[in-house]
1. Of everything in region 72-84, what is surrounded by 13 or more Cβ atoms within 10 Å (Cβ to Cβ) and not in a strand (DSSP E or B)? Give them in sequence order.
2. Can you tell me which condition Glu52 does not meet? The list is (1) outside any helix (DSSP H, G or I); (2) modelled with pLDDT under 95; (3) not aliphatic (A, V, I, L, M), and all the others hold.
3. What number goes with the only condition from (1) more than 11 Å from the chain's Cα centre (by Cα); (2) surrounded by 14 or more Cβ atoms within 10 Å (Cβ to Cβ) that Glu15 does not pass?
Amino acid sequence: MPKRQVRRSPAFIEEAKRLFAPGGSASGRPSFQLFEQGPLRGAETAFSLDFEAQLEPVEGVGSLRSVVVPPTTVFGPLVISAILTTDGVVEIVSVIEDEGYWSLLEGDPAD
């Protein structure tokens, strides 16, 4: 299966760096570099290898697909979305973080 070229839109980079600051944050949030090495690399690989097989979040909008990244010890659940451009390149356009995930875990019993 041929690989598609994947690029990151400027809006995506801006949003990702807002969520995951380069170098991390004083409050312990993961860095943009760690995001690139983990969740983003996985999403880029999935989009590159088989864009059409990824989740179609809005039925009938065939040019938009998403990869749902399950939570890890460092990142909460993420949704990374991309479009297929007219020149056949996959462009990553957004990342959404489940902002309430960590607070849900705080309420879980210790057992």
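1. To start, the set of residues in region 72-84 that are surrounded by 13 or more Cβ atoms within 10 Å (Cβ to Cβ) comprises 74-84.
Those that are surrounded by 13 or more Cβ atoms within 10 Å (Cβ to Cβ) and not in a strand (DSSP E or B): Val74, Phe75, Gly76, Pro77.
2. Only one criterion is unmet by Glu52, namely (1).
3. (1)
Rundown of residues vs (1) closer than 18 Å to Glu99 by Cβ; (2) without any contact (Cβ under 8 Å) to a residue 24 or more places away in the chain; (3) under 14 Å from the mean Cα position of the chain (by Cα), yes/no style:
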{"site": "Ala21", "(1), (2), (3)": "yes, yes, no"}
{"site": "Gly28", "(1), (2), (3)": "yes, yes, no"}
{"site": "Phe35", "(1), (2), (3)": "yes, no, yes"}
{"site": "Arg41", "(1), (2), (3)": "no, yes, yes"}
{"site": "Ala53", "(1), (2), (3)": "no, yes, no"}
{"site": "Glu56", "(1), (2), (3)": "no, yes, no"}
{"site": "Val79", "(1), (2), (3)": "yes, yes, yes"}
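The values are calculated or read from the model by the stated rules, or taken from the named source; none is laboratory data. The structure displayed is predicted, hence computed values, not measured ones. We place every Cβ from the backbone using ideal geometry, glycine too, and count neighbours over all the protein chains shown.
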